[in-house]
Amino acid sequence: MSKSIEELKTLTTQIRRDILRMVHAVNSGHPGGSLGCTEFFTALYGKVMNYKLPFTMEGKNEDHFYLSNGHISPVFYSTLARFGFFPVEELSTFRKLDSRLQGHPTTHEGLPGIRIASGSLGQGLSVALGVAQGKKLDDDQSLVYSLHGDGELQEGQIWEALMYASAKKVDNIISTIDYNGRQIDGDTDDVLSLGNLHAKLEAFGWIVLEEKMVMILKL
């Protein structure tokens, strides 16, 4: 699935168009986080992850991705469509009645590329860790990726999962945090400050790489 840098740049622009069209059409959705994570998604699906089409839920010997901050579904849906998981035309049904593309991703409609329902923040890392451990048990050498918002790091379950991963040496997972300092109620520092997040994550046993507004975690 690897694409050239120029192809990824073109796709990034197209996905941003998709996001704005989808949200504008129904006057509903979360464009900010979606637009901010567009490069992440195009790089992940166009260069980084190893996966196969057609999509299967099991995805054995394939890399998996789990979106924890499910409200940025527009960028997820557009990426999946543009990389061939389902027809691009279906993007026009976003958040409409009987659509498979609801405001938060769900599994009951069988949308290709979606392996978990996400919307309740703080749960995605726990799910990703379970899948990562399952791959180890199956002698599957593939990696598991997850994406999180910095606001959801105020949830206690995230920190339990971070501690668990380190204690159990779940080293086949790479997690990314969209560290933009904003959440729906305002600045994260005003709602509930995360303090020195980099130092805290390292104290929990993770290798932390920080680039602009993104943190990448690896055990």
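The values are calculated or read from the model by the stated rules, or taken from the named source; none is laboratory data. Remember, it's a predicted structure, so these values are computed and weren't measured experimentally. Cβ atoms come from the backbone with ideal geometry, glycine included; neighbour counts cover every protein chain shown. When the accessible area is computed, the model is the full protein with side chains, heavy atoms only, and any ligands, DNA or RNA have been set aside. Shrake-Rupley method; radii C 1.70, N 1.55, O 1.52, S 1.80 Å.
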Q: Taking amide H positions as placed in the peptide plane 1.01 Å from N, state which residues far from Tyr66 in sequence (5 or more) or on other chains have amide H under 5 Å from it.
A: Tyr145, Ser146, Leu147
Q. Ignoring any ligand, DNA or RNA, what whole percent of the accessible area of the chain comes from carbon and sulfur when the probe is 1.4 angstrom?
A. 53
**Q.** Under 14 Å, Cβ to Cβ, from Lys60 - net charge with Lys/Arg +1 and Asp/Glu -1
**A.** -2
Q: Could you work out the local net charge near Ala165, counting Lys and Arg as +1, Asp and Glu as -1, over the other residues with Cβ closer than 15 Å to its Cβ?
A: +3
Q) Which of Asn69, Asn172, Asn196 moves the most in a Gaussian network model of the chain with Cα springs under 10 Å? A) Asn196
Q. For the chain, what is the per residue volume of the convex hull drawn over the alpha-carbon atoms, in cubic angstrom?
A. 116
Q: Indicate the helices, whole DSSP H runs only, in the chain that combine a mean Kyte-Doolittle hydropathy of -0.5 or more with a Cα extent along their long axis of 24 angstrom or more.
A: 5-26
(Q) Helix-only estimate, please: 222 nm mean residue ellipticity of the chain, summing -39500 (n - 2.57) across DSSP H runs of length 4 or more and dividing by its residues, to the nearest 500. (A) -11000 deg cm²/dmol
Q) All other residues with a Cβ under 11 Å from the Cβ of Asp138 taken together, and with Lys, Arg as +1 and Asp, Glu as -1, what is their net charge? A) 0
Q: Return a whole-number percent for the relative contact order of segment 66-219, with Cα pairs under 8 Å and 6 or more residues apart as the contact set.
A: 20
Q. For the chain, with every protein chain kept in place, what is the accessible area per residue (1.4 Å probe, Å²)?
A. 49
